[in-house]
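The values are calculated or read from the model by the stated rules, or taken from the named source; none is laboratory data. Just so we're clear, the structure is a prediction, and the values are computed from it rather than from any experiment. When we count neighbours, we look across all protein chains shown, and the Cβ atoms used for this are built from the backbone with ideal geometry, even at glycine. For the accessible areas, the whole protein counts, side chains as well, though only heavy atoms, and no ligand, DNA or RNA atoms are used. Shrake-Rupley method; radii C 1.70, N 1.55, O 1.52, S 1.80 Å.
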Amino acid sequence: MKPLHESTRKLYMIWFTITFTTALSLISAILTGCTKNIEPISRTGFYFDTVIQVTLYDTEDTAILDGCFALAEKYENLFSATKEGSDVWNINHGNGKTVTVSEETVALLVAATDYANTTEGVIDPTIRPVSELWDFGSEGNAHVPDDTAIKVALSHVSYENIRFGTTPSDESEGSVYHTVTLIDPEAAVDLGFIAKGYIADKMKEYLLSQGVKSACISLGGNVLAVGEKPDGSPFRIGIQEPFAETGKSLDTIEIRDTSVVTSGIYERCFDEDGVLYHHVLDTATGYPVENELAGVTIICPSSAKADALSTACLCLGLEEGRKYLDAEKDVAYLLVTRDGELYRSENFPFVVP
């Protein structure tokens, strides 16, 4: 057999390469077509006095959901003001003595007191003596407390009553115990305005560590999107219309890899003698805040920050709240007044038609 001419050999090699590449593409397409599409997996539970739901879009590993709800239980055992034996419970029942707590409890309390400081006490983690009187968390027991009792409880509300410390541990060299002291024995802590956001952020960290890149975490009014949907589309989030039936959206927005938190005076409330009382309390009066706002929606990468800012704005009112939020570079907001007026920041996402 005669050897192939050089030009013929090159043509043959080009033909072979194209044919081989095409064959590989066909095989890949066939294999892809035979691959089972991953169906989202989801789980719902009840923690922090609210329904929570975690949905994973790019994995079928239910053990990862187990891990998420193990975190929910862990943080409820640290941050709940009503669960006996939690860190916050122990702080509140320490009678002014120093209490040893987890490092994360200290970190969250430090963040909460920072927000109290920047708002000059408009939000305050030591509001518990007052909020406990109102009892918004119970079914059918919420009522307007005695005015004298409110004034007494209010005298114990001040974030300046919180002291942080560390104590050397005898267990291992260099380790320390983290401590919290309420210098007023009648003071008490409630982390409700920031805890759910913190927990959502921690769940996201956990999911990313497990290789999950597409998920949605919902903790009551706190929604955190991890990445985007597997097909590249954004998550669609409905914003509750104030005082409308649950699930009726005022707007629907599209988000990727960020958090949306909504706080409103319509969430936990009751009517007494024709007057509406809601759970967002004024640290100056001990009664529900009274201003133009009915609802505040914050979009921010940090769910903990969004959680705290939504409550702070709701307490500050329309004008002061907008000034406060406009100073934050990574925040978008939608404010809804009691008469239905809408105020959006320039960077708030376009509403989905």
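Tell me, which residue of the range 56-101 that is over 25 Å from Ser42 (Cα atoms) and hydroxyl-bearing (Ser, Thr, Tyr) is least open to solvent (accessible area, probe 1.4 Å)? Once the filter is applied, the top-ranked residue is Ser86.
Residues in the range 178-236 that are more than 21 Å from the chain's Cα centre (by Cα) and β-branched (Val, Ile, Thr) were compared, and the one that is most open to solvent (accessible area, probe 1.4 Å) is Ile183.
Across the range 123-167, the qualifying residues are those that are of a type in the set (Phe, Trp, Tyr) and free of Cβ contacts under 8 Å to residues at least 60 places away in the same chain, and the one among them that is most open to solvent (accessible area, probe 1.4 Å) is Phe164. Which residues, taken from the range 284-309, are open to solvent by 60 Å² or more (accessible area, probe 1.4 Å) and in contact with a Lys or Arg (Cβ under 8 Å, 6 or more places away or on another chain)? Of everything in the range 284-309, just one residue is open to solvent by 60 Å² or more (accessible area, probe 1.4 Å) and in contact with a Lys or Arg (Cβ under 8 Å, 6 or more places away or on another chain), namely Glu292.
Could you tell me whether Leu281 is among the aliphatic types (A, V, I, L, M), free of Cβ contacts under 8 Å to residues at least 60 places away in the same chain and either surrounded by fewer than 23 Cβ atoms within 10 Å (Cβ to Cβ) or within 30 Å of Met203 (Cβ to Cβ) (or both)?
Numbers: among the aliphatic types (A, V, I, L, M): yes; free of Cβ contacts under 8 Å to residues at least 60 places away in the same chain: no; either surrounded by fewer than 23 Cβ atoms within 10 Å (Cβ to Cβ) or within 30 Å of Met203 (Cβ to Cβ) (or both): yes.
For Leu281, the condition - among the aliphatic types (A, V, I, L, M), free of Cβ contacts under 8 Å to residues at least 60 places away in the same chain and either surrounded by fewer than 23 Cβ atoms within 10 Å (Cβ to Cβ) or within 30 Å of Met203 (Cβ to Cβ) (or both) - is not met.
For Arg268, the conditions (1) open to solvent by less than 40 Å² (accessible area, probe 1.4 Å); (2) touching a residue at least 12 places away in the same chain (Cβ under 8 Å) are fulfilled apart from (1). Here is a check on your reading of the model: is Thr105 open to solvent by 60 Å² or more (accessible area, probe 1.4 Å), under 16 Å from Gly165 (Cβ atoms) and of a type in the set (Ser, Thr, Tyr)? Answer is no for this residue. Based on this model, can you work out whether Phe243 counts as open to solvent by 10 Å² or more (accessible area, probe 1.4 Å) and either in contact with a Gly (Cβ under 9 Å, 6 or more places away or on another chain) or more than 27 Å from Val296 (Cβ to Cβ) (or both)? Here the answer is yes, as Phe243 does meet what is asked. Criterion applied to Thr44, Thr35 was being closer than 30 Å to Glu228 by Cα, modelled with pLDDT of 95 or more and of a type in the set (Val, Ile, Thr), and the one residue passing it is Thr44. Filtering the range 183-192 to residues that are at pLDDT 95 or above and within 19 Å of Leu281 (Cβ to Cβ) leaves Asp184, Glu186, Ala187, Ala188, Val189, Asp190, Leu191.
Of all residues in the range 175-233, which are without any contact (Cβ under 8 Å) to a residue 24 or more places away in the chain and not in a helix (DSSP H, G or I)? Matches in the range 175-233: Ser175, Val176, Asp231, Gly232, Ser233.
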